[in-house]
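Here is the structure we will look at.
The values are calculated or read from the model by the stated rules, or taken from the named source; none is laboratory data. Note that the structure is predicted; figures quoted are calculated from it, not measured. Glycine gets a Cβ as well: all are built from the backbone with ideal geometry, and neighbour counts include every protein chain shown.
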């Protein structure tokens, strides 16, 4: 499920993991008994940006967009604040959590148990979602940098990125990894063990 928290002015973020369907429906919501503002206006007022695990950059195909093209297009075209995409390419090789799997002192850790089951069942262990959560908490730098531009979707869900001139900031961006996997894991793994 996509999750967001609306709090103090301009300091809240949305973290989107999975399909954009719920956020696309939310975006079309009108005012209600809790606020006279439409959801779009609330987002403009209360949300700084969205971090979204979606896409494969600069061009490619990824499950979250490919399976829900219409909802993805709706978000890309109409989301009123900036969106930072963490694409499949930044998580497909990152092997976070190995320390947790090997740490037998972590008794009754549901995260450790899931990763052990995943490994036992030979489920691919790419960490796409963890990268999005990591960036939403820690920010982009120093491990990643932003590539700004616009995104186009084909009818079959492939994303095509159009880089902005001189990487001039736009409301859409995707992250490019600039640090080694080990540098990222040195910070990410201890966070996962908390």
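Tally the residues that are outside any helix (DSSP H, G or I) and buried (at least 18 other Cβ atoms within 10 Å of the Cβ), restricting the search to the range 82-127. Break it down into steps so the answer makes sense when it comes.
So the first thing to find is which residues in the range 82-127 are outside any helix (DSSP H, G or I), and the list is 82-87, 91-97, 103-109, 121-127.
With the extra rule that they be buried (at least 18 other Cβ atoms within 10 Å of the Cβ), the set shrinks to 83-87, 91, 94, 96-97, 127.
Residues flagged as outside any helix (DSSP H, G or I) and buried (at least 18 other Cβ atoms within 10 Å of the Cβ) within the range 82-127 amount to 10.
Mind telling me which of the residues 67, 46 ends up being at pLDDT 85 or above, over 14 Å from the mean Cα position of the chain (by Cα) and surrounded by fewer than 14 Cβ atoms within 10 Å (Cβ to Cβ)? I'd like the intermediate steps shown before the answer.
Working: 46 fails: surrounded by fewer than 14 Cβ atoms within 10 Å (Cβ to Cβ).
None of the others qualify; the one that does is 67.
Would you point out which residue out of 51, 76 is modelled with pLDDT of 95 or more, under 13 Å from residue 136 (Cβ atoms) and buried (at least 19 other Cβ atoms within 10 Å of the Cβ)? Working first, answer last.
On the way: 76 fails: under 13 Å from residue 136 (Cβ atoms).
Residue meeting the stated conditions: 51.
Going by the structure shown, is residue 22 surrounded by fewer than 17 Cβ atoms within 10 Å (Cβ to Cβ) and not in a strand (DSSP E or B)? Please lay out each step first, then the result.
Values: surrounded by fewer than 17 Cβ atoms within 10 Å (Cβ to Cβ): yes; not in a strand (DSSP E or B): yes.
Against the criterion (surrounded by fewer than 17 Cβ atoms within 10 Å (Cβ to Cβ) and not in a strand (DSSP E or B)), residue 22 qualifies.
All but one of (1) under 16 Å from residue 83 (Cα atoms); (2) touching a helix residue (DSSP H, G or I) at 6+ places or on another chain (Cβ under 9 Å); (3) without any contact (Cβ under 8 Å) to a residue 12 or more places away in the chain hold for residue 139; which doesn't?
The number of the failed condition is (2).
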